Each structure stands twice: as C-alpha cells, then as structure tokens.
Amino acid sequence: MPEVPNDTNNRISNESERRSDAPAERSLNFIEQIVEEDRASGKNGGRVHTRFPPEPNGYLHIGHAKSICLNFGLADKYGGKTNLRFDDTNPVTEDTEYVESIKADVRWLGFEWENEFYASDYFDQLYAFAENLIQKGYAYVDDSTAEVIAAQKGTPTEPGKDSPYRTRSVEENLDLFRRMKAGEYPDGAKVLRAKIDMASPNMHFRDPIMYRIKHAHHHRTGDAWCIYPMYDFAHGQSDSIEQITHSLCTLEFEVHRPVYDWYIEKLGIFPSRQIEFARLNLTYTVMSKRKLLQLVNEGHVNGWDDPRMPTIAGIRRRGYTSASIREFADRIGIAKRDNLIDVGLLEFCIREELNKTTTRVMAVVDEKPIKVVLTNYPEGQVDEVAIENNPEDHESGHRNVPFSRELYIERDDFLENPPKKYFRLSPGGMVRLKGAYIIKCEEVIKNDEGDIVELRCIYIPESRSGSDTSGINVKGTIHWVSVAHAVEAEVRLYDRLLTSEDPSSEDRDFKEFINPKSLEIVRAYVEPSLKTAHAGDRFQFIRKGYFCIDPDSTTDKLVFNRTVTLKDTWAKEQRKS
C-alpha cells in the first residue's frame with residue numbers, strides 16, 4: 001500500500017456556530033503575520049520557502065494533513081516554494097513503503113512539492129558540520145552508556161553533571177569520531193555530543209547527542225554509514241542547506257528551538273527560522289505514531305488504511321475527499337496553544353461537500369429486509385420511476401429505477417403496533433414509496449417463529465410521484481428496492497474507533513477504549529444502477545448516510561464503506577448514556 005493539556009473551551013462542536021464562524025475573509029494567522037513582517041523588511045529577499053519533513057516510519061495522519069496544508073498553503077499564498085524532505089535519519093524504523101505512501105498522500109491532498117529531498121542526501125555535509133563543531137570545541141565524543149548520560153542530565157529542577165569525557169582534546173575527539181564513522185565500535189559504545197550547558201534550565205540544552213552508532217542497513221544509503229545524526233542536529237542544518245525561510249513545527253518542538261538556533265549560529269550558516277504552532281488534537285482519536293503502529297501490529301485494525309484509522313490513507317478509503325480535509329484544516333485555523341478539536345467538525349466538512357456532490361440512491365441496509373407484495377400490481381410488470389440524482393444540484397438530472405410487484409423495505413420502516421406520530425408503514429397505514437406510489441398495508445405475514453416476513457399491500461395507481469391525482473396526503477416517505485432487480489452488497493458501517501473523548505487524558509491504556517462497535521458488517525440490497533460503480537465512487541444512501549465503494553469491491557460483490565451518517569447521531573447517543 002503506497003495522515004498536552006487540552007483547552008476544551010476552544011473546542012468546536014456546534015454546527016450552526018461553525019457556519020456563522022466561517023467568514024468569507026479571515027484575518028491573518030500569527031504565522032502569516034510573521035511572514036508579512038519578514039517580507040516588508042526585505043528579509044531573505046522577500047522569499048517564502050517552507051518544507052514538510054515527515055519521518056518515513058509510518059503513514060501520515062490527519063494531524064500531518066494540517067501541517068501539509070499549512071506549509072504548502074503558505075508558500076502558495078506568497079508565491080513561494082515547498083520542499084518535501086524525508087527525515088530518514090533512523091534506518092531501523094524507516095521503509096520505502098512509508099516514503100511512497102507519504103508522497104501519495106501529499107499529492108492526494110492537492111499539493112506538489114518543488115523539490116524532493118532526504119536528510120540522507122546531506123549525510124556527508126552533516127558529518128562535515130559535526131567535525132567543524134568538534135574543531136571549534138563545541139562537540140565531544142562520549143563513551144558513557146545511555147543510562148549514564150540520562151542520569152548526568154539531572155532533572156528540570158537540578159542541574160546536570162559534566163561527563164568525564166567532556167574535556168577531551170579536539171584532536172582526540174576528531175580521531176574518535178572518525179573511527180566511529182569507520183565502523184570500529186559497536187552500537188552504543190560511543191556518541192557525539194554538543195558541548196553547550198549542563199546547567200541550562202532547558203533540558204535539551206544539556207549537551208544533546210548529535211550522532212549515535214547504528215550498524216543498520218539504510219533504505220537509501222545501504223551500508224555506507226554506521227553513524228547517524230539525531231533529529232535535533234539534522235533538522236536545522238538540513239533547513240539551512242535548503243535555505244528554508246520559515247521552518248514550521250508543532251508546539252512540542254518549541255523547547256528544541258534554542259538548540260536549532262545554537263547549531264546554526266555556531267556553524268555560521270544560513271539562519272532558517274523555526275516557528276511553532278499547535279498540533280491537531282482530535283476527539284475520540286489518537287495521533288501518536290507509536291500508538292497507531294500498535295493498533296496495526298496488534299491487529300486491532302486491518303492495516304494503516306483501515307477506514308477507522310485517522311491516517312490520510314484510512315480517511316481516503318473511508319470516502320473523505322481532499323477538499324473536505326483542506327476545508328477542515330482551514331476552519332480549525334492555526335493557533336499558538338494546543339486545543340482539542342471536535343471530530344464532529346471533520347464530519348461536518350465532509351457532509352457539507354457530499355450533500356452537494358453525491359447522487360442519492362436507494363439501498364435497503366438490512367440483514368433481513370421485509371418483502372412488500374403489492375397485490376393489485378400486475379404480476380410480471382416492471383415499471384420505471386424517475387428519481388432525482390441530487391436535489392442540491394439542479395443540473396444533475398434524474399435516473400430511472402425499476403419498480404415491480406415485490407419490493408424490499410427495511411425492517412425499521414414497519415411497526416405492527418406503532419406509537420403516536422409514527423409516520424412509516426403499519427397495519428392499515430399508508431406511506432409513500434420514494435419516487436413511486438402511495439401504498440397501504442392490508443395484511444402482515446409471519447413465519448412459524450412469529451417473525452414478520454412479508455407485507456401484503458395495495459398501491460394507489462393515481463398517486464405516482466410527479467403526477468399524483470389521488471388527493472391522499474401521507475406524512476411518511478420510505479425507500480425501497482425491487483426484489484427482482486436488487487443487487488446484494490456488503491456494507492461496512494464504520495464508527496469512531498475509541499469511546500473516550502480524550503484518550504490522552506485517561507489514566508488507562510488507550511486500547512481499553514477501543515469501541516467494540518467501531519465496525520459492523522451487514523448485508524444490503526441496492527438499486528441496480530450501482531452495479532457499474534467503481535472503487536472510490538461516493539453516494540448518499542437515502543435516509544441512511546454517505547457511502548463509498550471500497551477497493552475490496554468486485555464485479556461479483558459490491559462493498560460499501562459508510563463515510564458518515566446523515567446527522568451526528570454519536571453525540572446524541574453519548575448524551576443518552
């Protein structure tokens with residue numbers, strides 16, 4: 001296959017407020033303000049050059065989509081450029097599968113990068129930078145174990161202690177570092193550390209590790225290297241090499257910025273500027289790659305592109321469009337502090353788009369639908385009724401759907417003992433069949449177990465939709481499919497993967513909140529027009545929700561994924577419980 005503390009006051013949840021809070025022209029966010037100031041002052045010649053730097057150790061998720069939209073959108077707004085740069089500094093966790101999936105996701109979102117780079121492109125230059133810092137007395141080789149180094153760093157309230165190897169001479173450090181590169185030492189035997197300040201209140205300033213030994217095959221450089229730079233060292237220098245003007249990172253990198261600036265200053269290279277923004281935290285979701293990898297490896301989901309996953313691949317397979325993701329990213333905006341975004345806003349964005357663009361089709365989603373026999377309709381006769389494709393799009397036209405004596409309806413559309421204000425079908429009751437006729441139930445047929453298996457009804461010939469002269473008014477309309485023409489399909493009803501609104505705030509393992517009802521597979525009977533549908537095609541099942549054709553679908557077996565319900569039923573059910 002080729003996506004913190006919570007400020008719940010910032011959470012967006014009311015759909016009517018979302019509409020009114022989406023002005024036609026919004027004010028500049030704080031990053032755009034910085035860019036405007038830089039351009040006004042002539043900094044970097046007014047250039048805007050951003051980068052998106054994913055680590056190829058997993059699939060991108062919806063949080064990365066926000067970052068992609070920000071980086072590419074900012075460059076596009078100011079006539080700039082964006083590089084796609086893979087941070088491939090850890091050969092143990094990286095794979096070309098992830099590289100290809102990331103490129104596919106970026107393109108699917110509607111963006112194209114100016115250059116495709118890899119941190120490994122700069123391994124020679126980064127190594128030279130490291131030797132430069134050693135020669136200037138700003139780096140040293142440390143023989144301490146990882147546990148000892150961690151203990152040396154102290155705590156946020158206590159200063160660290162200098163390593164006994166901190167006073168090695170420049171000549172000794174250069175010799176040891178070159179021997180590390182030559183492969184003379186095993187993994188973990190030595191590291192290269194920056195010599196900064198072991199008493200700094202910023203723990204990241206306490207002699208951070210620059211290089212570690214890893215005798216591992218790299219997906220691009222093979223076995224050419226056995227030492228690899230740490231992210232904090234490779235990040236700023238790679239930005240500088242590419243002359244990135246605005247290096248946009250999520251908020252957790254704010255404490256890393258002094259280290260980013262320190263390396264650039266000591267090396268005297270192009271001063272890229274790091275700017276932090278709030279990451280995306282979404283309700284009922286986890287964004288940690290480590291946790292997502294757990295879900296995949298432990299079989300809680302069916303791969304990275306499982307439609308329940310917040311990965312871009314999963315969201316795409318579920319039926320979301322790139323436009324809806326870009327709209328979502330635009331609506332949540334760019335903030336300076338972390339907040340928790342209601343997943344209902346993401347669902348609202350896709351509903352808004354699919355409501356305007358999808359064809360309405362009839363599908364009886366029911367393992368045991370009820371058969372309706374119209375006793376006064378001629379046997380063997382097949383009529384065609386016109387169904388509008390999309391009432392929101394007057395140019396979409398109509399299509400003909402076969403109508404016959406025997407029909408399927410959903411079991412929920414009939415009650416033998418209905419309550420007041422029940423407007424669907426019941427004994428002696430009348431209802432309109434969507435696009436067709438009014439019918440009246442005259443007899444209920446049950447099997448030996450007492451289950452309803454058939455309804456004997458009559459239809460009113462004068463009540464045909466579009467030319468009704470019957471004078472009968474009914475309040476209910478239900479959907480149906482002709483038994484003789486129905487196409488059997490598999491429907492996968494996806495719901496939220498987790499039951500906790502904010503799993504990161506819970507004291508228990510997040511996997512304890514996996515929703516056992518996050519996937520329900522049911523049978524459905526759909527109208528024959530869907531036989532020619534292709535993977536990725538999207539539809540509205542009338543009265544049910546929005547669905548798309550899954551890649552598992554074949555000519556012999558249609559498979560539909562539910563993208564989203566017609567309304568946000570989740571919040572209502574949660575309030576009940």
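The values are calculated or read from the model by the stated rules, or taken from the named source; none is laboratory data. Keep in mind that this is a model prediction, so the values were computed, not measured. No Cβ is skipped: glycine too gets one built from the backbone with ideal geometry, and neighbour counts run over all protein chains shown. All accessible areas refer to the heavy atoms of the entire protein, side chains included, with ligands and DNA or RNA removed. Shrake-Rupley method; radii C 1.70, N 1.55, O 1.52, S 1.80 Å.
Calculate what fraction, in whole %, of the accessible area of the chain sits on carbon and sulfur atoms when a 1.4 Å probe is rolled over the protein chains.
Carbon and sulfur together cover 46 percent of it.
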Check your understanding: What's the extension gain from Glu520 to Glu488 if we count 0.36 nm per residue and subtract their Cα-Cα distance?
Key -> 9.9 nm
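With contacts defined as alpha carbon pairs under 8 Å and 6 or more residues apart, what's the relative contact order of the range 253-364 in percent? The partial results should precede the final answer.
Values: 87 pairs, mean separation 28.6, N = 112.
Reported relative contact order: 25 percent.
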**Study point:** Part-to-part distance (alpha-carbon centres) for the range 398-438 and the range 349-385, which is given in Å
**Key:** 10
Check your understanding: Sorted by average packing, counted as other Cβ atoms within 10 angstrom per residue and highest first, what order do 44-52, 386-394, 304-312 take?
Key -> 304-312, 44-52, 386-394
**Study point:** Residue-averaged 222 nm ellipticity for the chain, from DSSP H runs of 4+ at -39500 (n - 2.57), nearest 500
**Key:** -8000 deg cm²/dmol
Point to revise | In sequence order, calculated HN-Hα J values of the range 397-403 (Karplus, 6.51, -1.76, 1.60; Hz; x Gly/Pro) | key: x, 10, 9, 9, 10, x, 10
Check your understanding: Between Arg273 and residues 5 or more places away or on another chain, which pairs have amide H atoms under 5 Å apart, with H built 1.01 Å from N, and which residues are they?
Key -> His246, Ser247
Practice item. Using a 1.4 angstrom probe, figure out how much accessible area the chain has per residue, in square angstrom, rounded to the nearest whole. Key: 46
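Two decimals is fine: what's Rg over Rh for the range 176-301, C-alpha atoms, Kirkwood radius as Rh?
Expressed as Rg/Rh, it is 1.03.
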**Study point:** Under 5 Å, built H, 5+ apart or other chain: amide partners of Tyr118
**Key:** Phe86
Check your understanding: Shape call for the range 362-412 from the C-alpha gyration tensor, a ≥ b ≥ c root eigenvalues: rounded (a/c under 1.5), prolate (a/b greater than b/c) or oblate?
Key -> oblate
Revision key, fill the gap. dims of the range 429-577, Cα set, principal axes, largest to smallest, nearest Å -> 63, 39, 38
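Quick one: of the DSSP bridges fully inside the chain, what percent are antiparallel, nearest 5?
Of the beta bridges lying entirely in the chain, close to 65 percent run antiparallel.
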Review point. Among all the aspartates and glutamates, which ones have a C-alpha under 13 Å from Lys446's C-alpha, if same-chain residues fewer than 8 places away are not counted?
Key: Glu416, Glu454
Exercise for review: Using only C-alpha atoms and all pairs of different ones, pull out the Kirkwood radius for the chain in Å with one decimal.
Suggested key: 27.7
Check your understanding: By how many nm would the segment from Asp330 to Asn302 grow when fully extended, if each residue of separation counts as 0.36 nm and the alpha-carbon distance is taken off?
Key -> 7.1 nm
**Study point:** Which of Ala146, Pro159, Ile102, positive extreme of dipole for the range 91-182 (C-beta unit charges)
**Key:** Pro159
Review point. What list of ³J(HN,Hα) values in whole Hz, one per residue of the range 321-334 in order, does the Karplus curve 6.51 cos²θ - 1.76 cosθ + 1.60 (θ = phi - 60°) give from phi, with Gly and Pro shown as x?
Key: 9, 5, 4, 5, 5, 5, 5, 4, 4, 5, 5, 6, x, 10
Check your understanding: Hey, rough spin-label estimate for Thr532 and Asn202, points 7 angstrom out along Cα→Cβ, what's it come to in nanometres?
Key -> 6.3
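May I ask you to work out the translational diffusion coefficient for the range 412-508 at 4 °C, viscosity 1.567 mPa s, via Stokes-Einstein with Rh from the Kirkwood sum over Cα pairs, reported in whole µm²/s?
On the way: Rh = 16.7 Å.
Translational D for this selection: 78 µm²/s.
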Practice item. Report the GluC sites (Glu not before Pro) located in the range 437-504 that are in a DSSP loop and have at most 15 other Cβ atoms inside 10 Å of their Cβ, or state none. Key: Glu449
Check your understanding: Taking the simple approach of a point 7 Å from Cα along Cα-to-Cβ for both Asp468 and Glu384, what is their distance in nm?
Key -> 2.4
Exercise for review: Let me know the shape class of the range 62-131, please: from the alpha-carbon gyration tensor, a ≥ b ≥ c as square roots of the eigenvalues, rounded when a/c is under 1.5, otherwise prolate if a/b is greater than b/c, or oblate.
Suggested key: oblate
Check your understanding: Could you list, bin by bin from short to long, the percent of Cα-Cα pairs of the range 123-167 in 10 Å steps?
Key -> 25, 38, 32, 5
Exercise for review: Could you sort out which of Lys161/Lys195; Lys43/Lys266; Lys66/Lys336; Lys434/Lys544 sit more than 19 Å apart by Cα distance in this structure?
Suggested key: Lys43/Lys266
**Study point:** Stretch gain in nm, segment Asp95-Val444, where the contour uses 0.36 nm per residue and the Cα spacing is subtracted
**Key:** 119.6 nm
Review point. Quick one: if you stick a label point 7 Å off each Cα along the C-beta vector at Val453 and Lys43, how many nm between them?
Key: 7.8
Review point. Long-range amide H contacts for Arg464: which residues qualify at under 5 Å (H placed 1.01 Å from N, peptide plane, sequence gap of 5 or more or a different chain)?
Key: Thr469
Study note, to complete from the structure: Quick calc, the chain, dipole around Cα centre from Cβ unit charges on Lys, Arg (+) and Asp, Glu (-), nearest 20 debye, gives 840
